[in-house]
Amino acid sequence: MRELKIFLVVAVFTALVYWGVEPYAHSVMKPHVAPANFDFAKEDVDFAKSVISEKEALLNEAQKAGNEVQIQNATKALDMAKENLSKVESLWADVAKIDFTKGDALKGKEFFENNCFACHGVKEDGIAANITDSSLGVIPPDLSSAGAIYDEKFLAALIMHPALALKVDHKFGDAFIMTAYNSETSGESEEITNANIANVIAYLKDVSVKFEANEDAAIKKEVEAKYANMEDSTQKTALMEKDIAFAKNKATFIEACGRCHDMKYDSFFTPSNHNDLLTYLGSTPPDLSMMIRSRGEQYLHDFINNTQKLLQGTAMPRVGLTEEAQAKVVSYISKVGDSKKEERESTGIYVMIFFVILSVFAIAWKRSIWSKLH
């Protein structure tokens with residue numbers, strides 16, 4: 001009976017720490033935020049409104065304290081938050097006017113070659129990039145995969161107002177407005193501008209299908225060569241499936257994150273110069289090898305989906321991936337940063353079973369010894 005009481009005391013205190021103290025400490029260090037939302041229009045509007053609520057609370061506190069300096073600062077911050085909400089609502093209202101079903105890929109290619117080639121290439125379609133280094137701060141992305149890993153509405157918002165869509169307008173303002181896609185600067189009507197955007201996105205989606213097909217074929221060929229001499233067909237199939245999935249996830253990571261971030265545990269290093277990135281962003285983007293352990297899977301999903309929600313003021317852009325593409329990126333980061341997770345979890349079960357059996361024998365042995373003394 002004494003052993004049972006001790007066990008119950010240990011169990012209660014363990015549960016208290018695990019379900020009480022730890023979650024509380026976790027909530028203080030990393031406040032709860034709404035989960036990742038891939039309806040980017042709703043995500044942006046809801047977030048902008050939440051920021052307004054925060055600024056209103058700060059203003060109320062300042063007014064109660066009667067501190068004029070704090071009141072002025074809080075009022076200014078609230079006005080900026082309201083202005084941002086107006087911009088966000090306006091942007092997504094403009095995106096809603098675009099009819100993506102009428103996009104013409106051939107016209108989109110023609111428009112792209114005349115207006116976008118200065119910064120962006122599409123290797124899959126033989127369009128080489130004119131800027132291949134990070135002299136502008138970061139290497140402009142090749143857009144061969146853009147139609148596959150980004151939602152069409154996000155792409156439209158990105159084309160219309162890059163800084164606002166990427167949530168870095170607080171740092172870069174309107175510096176990245178693409179004049180060819182803006183009716184005010186291009187001289188074209190809103191209808192023609194929207195048609196051009198729909199056409200370019202149709203082109204990018206068309207190219208991405210070819211890109212993914214060729215990439216999948218190349219990955220499969222490489223993996224098949226790796227296991228060509230393995231005789232056990234069952235094990236061979238299982239290993240090939242894992243390697244193919246990992247390679248596809250890595251390819252998505254490189255397309256989405258590889259222009260800024262290293263993954264040294266997998267021997268991948270960004271082609272962008274770190275000094276250029278430092279000058280451009282204000283800090284050097286971190287190596288992501290151990291990010292899964294330091295931050296956790298849920299944090300990464302929320303952060304990639306909306307960087308400002310978890311780290312307001314950061315210069316890192318919102319990535320804007322589709323739910324499927326984001327899952328691939330997080331899976332890759334998890335596999336590299338915690339490669340022994342599956343082995344550790346399966347071993348843990350056996351360790352627990354071992355201790356249960358050991359406890360049974362220990363209790364039985366103890367009773368056998370002490371029974372002779374009574």
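Which angle from 0 to 90°, rounded to the nearest 10, does the C-alpha axis of helix 40-65 make with the longest principal axis of the chain?
80
Sum -39500 (n - 2.57) across every DSSP H segment of at least 4 residues in the chain, then divide by the residue count to get the 222 nm mean residue ellipticity, nearest 500.
-21500 deg cm²/dmol
Out of PHE40, PHE154, PHE117, any idea which swings most in a Gaussian network model of the chain, alpha carbons joined below 10 Å?
PHE117
On the accessible surface of region 61-210, probed at 1.4 Å, how many percent belong to carbon and sulfur atoms?
About 51 percent, which is the carbon plus sulfur part of the accessible surface.
Could you work out Rg/(2.2 N^0.38 Å) for region 140-183, with Rg from alpha carbons only?
Normalised Cα radius of gyration, region 140-183: 1.17.
Below 8 Å, C-alpha to C-alpha, sequence gap of six or more: please give me the relative contact order for region 42-93 in percent.
So the answer I get is 47 percent.
Please report the orientation-averaged projected area of region 66-120, defined via the convex hull of its C-alpha atoms, in nm².
Convex hull of Cα atoms, orientation-averaged projection: 6.4 nm².
Using a ≥ b ≥ c from the Cα gyration tensor of the chain (square roots of the eigenvalues), is it rounded, prolate or oblate, where a/c under 1.5 gives rounded and otherwise the larger of a/b and b/c decides, a/b for prolate?
It comes out oblate by the Cα gyration axes.
Counting alpha carbon pairs within less than 8 Å and at least 6 residues apart, what relative contact order, in whole percent, applies to the chain?
17
May I ask you to give the percent of accessible area on region 274-374 that is carbon plus sulfur, with a probe radius of 1.4 Å?
63
If eta is 1.306 mPa s and T is 10 °C, what Stokes-Einstein diffusion coefficient results for region 293-365, Kirkwood Rh from Cα pairs, in µm²/s?
It diffuses with D of about 104 µm²/s by this estimate.
Go through LYS205/LYS335; LYS220/LYS242; LYS49/LYS76; LYS42/LYS309; LYS226/LYS335 and tell me which ones have a Cα-Cα distance over 18 Å in this structure.
LYS205/LYS335; LYS226/LYS335
Over the alpha-carbon set of region 217-374, divide Rg by the Kirkwood Rh and report the Rg/Rh ratio to two decimals.
Reported Rg/Rh, Kirkwood definition of Rh: 1.21.
At 1.4 Å probe size, what's the solvent-accessible area of ARG344? Round to the nearest 10 Å².
Per-residue accessible area (ARG344): approximately 120 Å².
Skip the ligands, DNA and RNA, and give the accessible area per residue of the chain with a 1.4 Å probe, whole Å².
Here the per-residue accessible area is 60 Å².
More than 23 angstrom separation, counting every C-alpha pair in region 181-305; what % is that?
Cα-Cα pairs in region 181-305 separated by more than 23 Å: 58 percent.
The values are calculated or read from the model by the stated rules, or taken from the named source; none is laboratory data. Since this is a predicted model, take the numbers as computed values, not measurements. Side chains included, ligands, DNA and RNA excluded: accessible areas come from the protein's heavy atoms. Shrake-Rupley method; radii C 1.70, N 1.55, O 1.52, S 1.80 Å.
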